[in-house]
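Notes follow the structure.
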Amino acid sequence: MRGPSVNRICASLQSLGSICKVFTLGRSNDSRTSSECPLASKSSRWTEKGEEESTETMARGVYSLLLVAILGLTIVLAQNCGCGGGECCSRWGYCGTGNDYCGDGCRQNCGGNNNGGNNNNGGNDNNNGGGSDCAKNRLASVKNGSAKPKGVNLGSWFVLEQWMSSGPWDAGNCDHNANPGSYLVEQCLNRQGKRESVMQNHWNTFITEGDFRKMSSYGINFVRLPVGWWQIYDDYGGPQNVQPYVSPNDYQSGGLAYITKAFDWAAKYGIGVLLCMHAAPGSQGGTDNSSPPDASSNFYWDKYSNNQEATIDSIKKYVNKYHNHAAYWGVALLNEPRGDTNVLRNYYLKAYEAVRTMTDKPVVLNPLIVPFQSGCEGEWTNFMQGDHYKNVWYDMHYYACFGDGDSNQKNYGGAVGYINWDRKNQIRDLKAAQPNKKILIGEWAGANSFNDDHLVDFVNAEMNVFGTADGWTFWSWAGSGGGWNFQDMLNKGIDQGQLGQKC
């Protein structure tokens with residue numbers, strides 16, 4: 001028996017205690033009876049002759065129902081999930097499709113099977129996806145390393161950047177310069193009583209299941225998912241419960257459910273997820289993409305040990321929740337840090353050990369973004385060496401539009417030449433300097449300082465060269481436009497042959 005009747009029998013068993021309670025009360029006019037157990041009003045009713053149905057008759061009926069339910073359950077008790085072919089594992093441990101299996105209490109393969117894509121248990125249920133065979137095979141390939149991760153960032157979904165998604169700022173008429181990043185725009189919205197509704201609308205609309213379906217159809221097999229340190233504390237009563245205590249910690253709750261949706265949709269459509277700590281307590285960069293506590297551009301993450309320890313607490317909780325999820329590929333410990341590299345390296349060592357108590361999947365490190373470090377510096381070539389450190393990746397961010405350096409060329413010929421020669425050599429040199437580690441070009445874009453008429457050719461050249469690394473993710477999938485938006489690039493005709501298998 002694998003139909004909905006199995007689940008309904010099990011649900012009936014759960015209700016029998018309440019039915020029997022009503023029966024033992026006999027006839028009752030207590031209003032609580034019908035509210036506690038809706039079946040009570042049907043079990044104790046008056047006949048047309050005005051006489052109440054006998055207690056003995058009711059007893060026979062209840063006991064018969066109990067016997068049938070127990071016999072039915074005994075028949076199907078042998079099944080205990082391990083479902084395949086897109087089926088969900090129901091709360092009672094049986095395989096099937098539809099809301100009886102994929103709805104409330106679903107235990108495995110819940111992503112996208114008529115339950116909104118959300119799995120309330122996060123990754124601790126060994127969610128195995130539930131998409132097509134093509135999607136499952138592609139996901140397996142990117143996770144086992146037989147296919148390089150090639151994909152996009154999902155920037156500004158959970159760590160807000162006004163230039164990418166101005167909606168939350170516009171909704172509260174919040175000044176962009178005075179309120180950079182998630183924390184400050186949330187405070188502006190909260191003062192107006194709009195924070196919850198605006199944030200829920202943003203999470204619900206900025207990225208949807210349709211985006212994952214579209215990515216899959218183009219052959220994208222990987223996403224880098226920027227998150228804030230605070231969202232995981234939805235599972236722990238709110239970010240004020242972080243250990244050790246850090247401030248500020250007043251963030252809107254509710255984002256974690258959408259992070260889980262991201263994992264479930266990714267599993268369904270054959271896409272691996274790199275969970276990226278994009279905004280740490282105190283802000284590791286002082287810029288909007290690290291949720292600064294003020295508009296001074298100062299960063300405080302490396303100044304106070306509580307900030308580093310709280311980041312480890314957050315990382316541990318995120319990895320604990322998602323590391324068994326089918327879509328989980330790895331974790332990036334900190335995005336674009338600035339400040340004291342001794343503090344940074346000590347944090348990386350502690351966070352690595354914490355992650356390794358749970359999983360051997362990739363751990364990704366980012367050297368300083370300012371001043372820009374190539375990863376070839378002695379403090380990095382001598383870092384995390386030896387057999388103890390396994391599956392460690394470096395995350396490099398190669399943009400062509402910032403600063404006055406050689407990477408920011410003012411004409412197309414110079415820009416594409418820099419990609420084809422300098423960037424290619426930088427990747428080669430980093431591989432040589434870090435022979436036991438892999439290289440992810442975690443952020444890059446088509447944005448440039450020359451005429452965008454050559455944008456498609458420029459992005460094709462970047463994909464070709466960055467393909468010599470071990471993987472890449474374009475910044476970003478949604479928000480802004482032109483050279484910053486991969487959907488725009490696809491529509492303009494970039495070379496899709498450099499992506500993976502289409503599903």
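Cβ crowding within 10 Å, taken as a proxy for footprinting-reagent exposure, orders Arg345, Arg224, Arg138 from fewest neighbours to most as Arg345, Arg138, Arg224. In terms of the Cα gyration tensor, with a ≥ b ≥ c the square roots of its eigenvalues, is the range 141-223 rounded because a/c is under 1.5, prolate because a/b exceeds b/c, or oblate? Note, shape of the range 141-223 comes out prolate.
For the range 474-487, the Karplus equation 6.51 cos²θ - 1.76 cosθ + 1.60, evaluated at θ = phi - 60°, returns couplings of 6, 9, 8, 6, 10, x, 6, x, x, x, 9, 10, 5, 5 Hz by residue, with Gly and Pro reported as x. For the Cα trace of the range 343-488, dividing Rg by the Kirkwood Rh returns an Rg/Rh value of 1.00. Among Ser480, Ser314, the order by Cβ neighbours within 10 angstrom, fewest to most, reads Ser480, Ser314. Here's how it looks for Tyr394: its modeled amide H is under 5 Å from those of Leu365, Lys438, Ile439, Leu440, which are all 5 or more places away or on a different chain. Residues in the range 227-241 carry Karplus couplings, in order, of 10, x, 4, 8, 4, 4, 7, 4, 7, 10, x, x, x, 5, 9 Hz; the curve used is 6.51 cos²θ - 1.76 cosθ + 1.60 with θ = phi - 60°, and Gly or Pro positions show x.
Each of Asp422, Asp387 was scored by other Cβ atoms within 10 Å of its Cβ. Listed from fewest to most, they are Asp387, Asp422.
With R₀ fixed at 25 Å, the C-beta to C-beta distance from Phe402 to Asn298 puts the FRET efficiency at about 0.80. Residues whose amide H comes within less than 5 Å of that of Gln373, counting only those at least five positions distant or on another chain, are Leu368 (H built at 1.01 Å from N in the peptide plane).
Here's how it looks for Cys276: its modeled amide H is under 5 Å from those of Leu225, Val227, Ala332, which are all 5 or more places away or on a different chain.
The value of relative contact order for the range 143-234, using C-alpha pairs under 8 Å at least six residues apart, is 46 percent.
Within the same chain, lysines fewer than 8 places from Lys410 are excluded, and of the rest, those with a Cα less than 27 Å from its Cα are Lys424, Lys492. Taking a Cβ cut-off of under 12 Å around Asn173, the surrounding Lys, Arg, Asp and Glu residues balance to a net charge of 0, with basic ones at +1 and acidic ones at -1. Among residues other than Asp470 with Cβ under 12 Å from its Cβ, the summed charge is +4 (Lys and Arg +1, Asp and Glu -1).
Of the chymotrypsin sites (Phe, Trp or Tyr not before Pro) found in the range 240-291, those that fall in a DSSP loop while having at most 15 other beta-carbon atoms within 10 Å are Tyr245. Using a cutoff of 8 angstrom between alpha carbon atoms and counting only pairs six or more residues apart, the relative contact order for the range 167-319 works out to 28 percent.
Packing around the peptides 398-404, 482-488, 357-363, taken as the average count of other Cβ atoms within 10 Å per residue, puts them in this order, highest first: 482-488, 357-363, 398-404.
The chymotrypsin sites (Phe, Trp or Tyr not before Pro) found in the range 341-378 that occupy coil by DSSP, while having at most 16 further C-beta atoms within 10 Å, are Phe372. Under the shape rule built on the C-alpha gyration tensor, where the axes satisfy a ≥ b ≥ c, the range 247-304 is prolate, since a/c reaches at least 1.5 and a/b is greater than b/c. In plain terms, the chain from Asn391 to Trp421 could stretch by 8.0 nm, reckoned as 0.36 nm per residue minus the Cα-Cα distance.
Label sites at Gln200 and Glu353, each approximated as a point 7 angstrom past Cα along Cα to Cβ, lie 4.3 nm apart.
FYI, it's all coordinate maths here, none of it is from the lab. No experiment lies behind these values; they were computed from the predicted model shown. Virtual Cβ from ideal backbone geometry, glycine too; neighbours counted across all protein chains shown.
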